[in-house]
Every structure is written in structure tokens, then in C-alpha cells.
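Colleague: Quick one: this structure, given as C-alpha cells, is what I'll be asking you about.
The values are calculated or read from the model by the stated rules, or taken from the named source; none is laboratory data. The structure presented is a predicted model; accordingly, all values stated were derived computationally and were not measured. So basically every Cβ, Gly included, is an ideal-geometry build from the backbone, and we count neighbours across all protein chains shown.
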Amino acid sequence: MSQEYFEKLSAMAKKAQEPFQAIAELNVKTLQGLTYLKPDEFANIKKPEELLEKQIELAVANGHKALDYMQKSFEIIEKSMLSMAKETKTKATDTKK
């Protein structure tokens, strides 16, 4: 097999890995951004209602972060699928000629 074939195969593998790397980076960024109730905040709570209020605030904040995560992950997938479709289309038209 020729050197050109291996170079094309290597470039294709790198291009296929890009969405996975982007998703992994997004996963780490999202998990680091999630908020949680810290132990010192438990000491400041005097009433059960305050605990419930803080838990609801955290749930809403983390829910928004989860929605942002979903939107960004779908954008990454959409981008990779579009580029793959365009590349397939151009290669198909090139082979016809």
C-alpha cells in the first residue's frame, strides 16, 4: 500500500476523533461547573425550609447547565455529521467523474 493511502487514512482518523475529543472536553467542563451544597453551608442552615430552598436553587442551576450541555453536544454532533455528509457527497461526485 502506498504512503498516500496511509496519509489519507491517518487524516480521516484524526477527523473522526475530533467530535469525541470535543465531547470529552465538554463533559469535563460541565462536570466541573456543576454546583453542589458544600459542608460549610450545611452548618449555616437553621431551618429545614432553608435546606429545601437551597436544594431547589441548586437543582434549577444545574438543570440550566444540563440544558446548555445538551445544546452544545448536539451542536458538536451536528457539525461533525454535516462535515461528514459534505465530504461523502464530494467524494461521490468525484468518483462519478
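Colleague: Quick check on Glu7: is it at pLDDT below 90, closer than 27 Å to Thr88 by Cα, assigned to a helix (DSSP H, G or I) and not β-branched (Val, Ile, Thr)?
Modeller: Spelling it out, Glu7 is indeed at pLDDT below 90, closer than 27 Å to Thr88 by Cα, assigned to a helix (DSSP H, G or I) and not β-branched (Val, Ile, Thr).
Colleague: While we're on this one: Might you check whether a residue that is within 15 Å of the chain's Cα centre (by Cα) and outside any helix (DSSP H, G or I) occurs anywhere in segment 37-56?
Modeller: No, there is no match, as no residue in segment 37-56 is within 15 Å of the chain's Cα centre (by Cα) and outside any helix (DSSP H, G or I).
Colleague: Does Met81 count as modelled with pLDDT under 95 and surrounded by 10 or more Cβ atoms within 10 Å (Cβ to Cβ)?
Modeller: So Met81 passes the test.
Colleague: Follow-up question, since we're still on this one. Is it the case that Glu25 is at pLDDT 85 or above, among the charged types (D, E, K, R) and within 24 Å of Gly63 (Cβ to Cβ)?
Modeller: yes
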